[in-house]
Amino acid sequence: MSLLALFVLAVGLCMDSFAVSLTSGVLLKPFKWSRVLKIAAFMALFQGGMPLIGWALGIGFKSYIEAYDHWVAFGVLLFLGAKMIWEGWPRKNEEEPCCMDPSDTRTLVGLSLATSIDALAVGISFAFLNMSMLLPTIVIAGVTFVFSIAGLWVGRQFGRHIHNYAEVLGGVILIGLGIKILLEHIYF
């Protein structure tokens, strides 16, 4: 696989992480670089690691993983999205709505896992190609890291204008992303 093809693949794989990073940038208060780097590192670690895991699983387990990976991603994103909507919805007698912390480690594991399940299937396909996984892992993780930082920054800029309903919007985006993943695997 050429470096250009690998880069294009990495960009395609990291789009879900980019969307989650946009939402996280809106919610991240305060916006500190240590938290930005933590989020980007989690996204990159999972996005780069899942193809490696998929490659290691190999051909034998492909049919089992493909049968339910989209349901796992949908379930995790639906749960996290619904939680964000619930926590972000303005309530009477509440001075300031609480927000989910996108840099919380448990939240990050769920988001990173949900957005990287497709990369697991890509790793299985790499097993068919009988290729080394060093370069794909580095490229996919690096592209995801850069796109996640960009998404967080853009989300922060956009979030200044919608701060009152940022968490609700973020929840809707996560649920929409889960529905997209589910529909892509069921119908396409």
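The values are calculated or read from the model by the stated rules, or taken from the named source; none is laboratory data. This is a predicted model, so every value here is computed, not measured. Methodologically, a virtual Cβ is constructed for each residue, glycine included, from the backbone with ideal geometry; neighbour enumeration extends over all protein chains shown. Ligands, DNA and RNA are excluded from the accessible area calculation, which covers all protein heavy atoms including side chains. Shrake-Rupley method; radii C 1.70, N 1.55, O 1.52, S 1.80 Å.
Looking for whichever is farther than 24 Å from Pro136 by Cα and open to solvent by 20 Å² or more (accessible area, probe 1.4 Å) here; the options are Phe42, Phe31, Phe7. Which one fits?
Of the residues listed, the single one that is farther than 24 Å from Pro136 by Cα and open to solvent by 20 Å² or more (accessible area, probe 1.4 Å) is Phe31.
Looking for something modelled with pLDDT of 85 or more, surrounded by 15 or more Cβ atoms within 10 Å (Cβ to Cβ), over 21 Å from Phe147 (Cβ atoms) and of a type in the set (Phe, Trp, Tyr) - is there at least one such residue anywhere in segment 11-21?
Within segment 11-21 (the criterion being modelled with pLDDT of 85 or more, surrounded by 15 or more Cβ atoms within 10 Å (Cβ to Cβ), over 21 Å from Phe147 (Cβ atoms) and of a type in the set (Phe, Trp, Tyr)), the answer is no, since none of the residues qualifies.
Find the residue count for segment 125-137, including only residues that are under 18 Å from Leu45 (Cα atoms) and open to solvent by 100 Å² or more (accessible area, probe 1.4 Å).
Result for segment 125-137: 1.
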